[in-house]
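Below: one structure, written as structure tokens.
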Amino acid sequence: MKQLHQALGMAEHGDGRQALALTNQLLEQHPNFVPALKLQGMLLEETRQRAEAAQSYQKGLKLAPNDADLLFKVGVYQLVAGDEDEAIKLLLHHVRLEPKDGDALYYLAQAYHLTHHDDLALKAIKECVKVEPNNPSVWQKYGELLCSSGDNETGLSWLLKAQQADPTLDHIDFDLGIASMKNMDFQSAEKYSEKAATIHPNDLKALELLASAEVKLSQWKDAEGVFERVLALKEDDVPALLELGHCEVELKKYQAAVDTLQRLLRLDPTPVLAHYYLSRAYIGMGKTAEGQHEAELHHLMMEQLSFSRSFDSDERESGIRGQARQFLAEHREGEALRLYQEHFKGTSATLGDSYVFVGKVYLYMGN
């Protein structure tokens, strides 16, 4: 303990290198001394040796599985590493020991969100808001998670509250742009995403959001420029090529559109809309036969997709229809929607499809 306090003193006086050397020496003599492992992890973090720090914390956690600090540290490292399930397990354990830890609740909400458990993510972030009611970062996360769960109006209000309290919050403009887009406020979406793309000029998500807003506003020239920026950062990006081709058609750059869309189809022959835009481009160039051919291809592919999607969906829906009827009979509509979303997780089904399904079940019930 004397050596440990000596190392702590060195760290507090800014001599991290010497503190780490003394801590390492201490652990050579006592490799299972948990306080020294925690200090070693902290000192390694300060020198940005995060992988080594994680190893120290993990070793400490094996020796002290109920240590709240180590549960939090290892949980966050697991979240950053992409193991959300392990992060949830560790952070939940920590929260049981420290139920008023706002940081742990924040990261737990994020882990739930990344595993598509938005109901649990909202529950965790609501607890976090109670614990830290004046924290703009928590307001921002609450707004983001509300929007992800479909409550865009309430989410937008929390995001605006966070921005007004602290305009420097990381990615606040992007979050506001997403919320505005979901609310069909495309002008606001363009304004916020343009600011986000200015702050982070190489952020593909911000650029894609900006371009999407400009497409919605029929600002084809501006959107064309942004999609070109996306492709400069991520060559052969299929969605960007598709939308660039769309912009070029609208701008009557027909040969450029044909070149872009043919490049796209060489990379991925499945985007159905590419044939629709190619049809328009060829007709714009006066190549009627080629345009008609592409239009027929588009029509045939749409028919095939519609039949396949309908058949597959009906087959899969039959397994949950009875439970959904029970939920709706008990006025538990939210649970019926979540039932569909969980059942179809990993498929091409969208959030909108869950509402169509619940609508169909209501119809069968005579409502």
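Odds and ends about this structure:
- Extreme residue, nearest to W139 (Cα to Cα), among residues of region 88-118 that are open to solvent by 50 Å² or more (accessible area, probe 1.4 Å) and in contact with a helix residue (DSSP H, G or I) (Cβ under 6 Å, 6 or more places away or on another chain): Y106
- Here the helices (runs of 4 or more DSSP H) wholly within region 123-223 that include at least 2 residues being aliphatic (A, V, I, L, M) and under 25 Å from R338 (Cβ atoms) are 136-148, 152-165, 172-182.
- Residues in region 346-364 that are touching a helix residue (DSSP H, G or I) at 6+ places or on another chain (Cβ under 8 Å) and open to solvent by 70 Å² or more (accessible area, probe 1.4 Å): S348, L351, Y355, Y364.
- Filter result for L278 (crowded, with 16+ Cβ neighbours inside 10 Å, farther than 29 Å from Q187 by Cβ, at pLDDT 95 or above and in contact with a Leu (Cβ under 6 Å, 6 or more places away or on another chain)): yes
- Annotation note: of Q78, Q49, the sole residue that is closer than 17 Å to T115 by Cβ, without any contact (Cβ under 8 Å) to a residue 24 or more places away in the chain and polar (S, T, N, Q) is Q78.
- One residue alone among A213, A124, A197 is surrounded by 23 or more Cβ atoms within 10 Å (Cβ to Cβ), touching a Phe, Trp or Tyr at 6+ places or on another chain (Cβ under 8 Å) and more than 28 Å from Y112 (Cβ to Cβ), and that residue is A213.
- Complete set of residues in region 31-63 that are surrounded by fewer than 16 Cβ atoms within 10 Å (Cβ to Cβ), within 20 Å of G9 (Cα to Cα) and among the polar types (S, T, N, Q): T47
- Inter-residue pairs, beta-carbon under 8 Å, first assigned to a loop (DSSP other than H, G, I, E, B) and in region 259-287, second of a type in the set (S, T, Y) and open to solvent by less than 60 Å² (accessible area, probe 1.4 Å), 6+ apart: M285/Y254
- The one condition in (1) more than 27 Å from the chain's Cα centre (by Cα); (2) open to solvent by less than 70 Å² (accessible area, probe 1.4 Å) that N66 fails to fulfil: (2)
- Pairs meeting the criteria (first residue in region 234-255 and free of Cβ contacts under 8 Å to residues at least 40 places away in the same chain and farther than 13 Å from L204 by Cα, second residue open to solvent by less than 50 Å² (accessible area, probe 1.4 Å) and not in a helix (DSSP H, G or I), beta carbons under 9 Å, at least 6 apart or on different chains) are V238/D268; V238/P271; L241/D268; L241/P271; L242/P271.
The values are calculated or read from the model by the stated rules, or taken from the named source; none is laboratory data. On a predicted model such as this, the values are computed, not experimentally measured, just so you know. Glycine gets a Cβ as well: all are built from the backbone with ideal geometry, and neighbour counts include every protein chain shown. The area values use the complete protein model at the heavy-atom level, side chains included, leaving out ligands, DNA and RNA. Shrake-Rupley method; radii C 1.70, N 1.55, O 1.52, S 1.80 Å.
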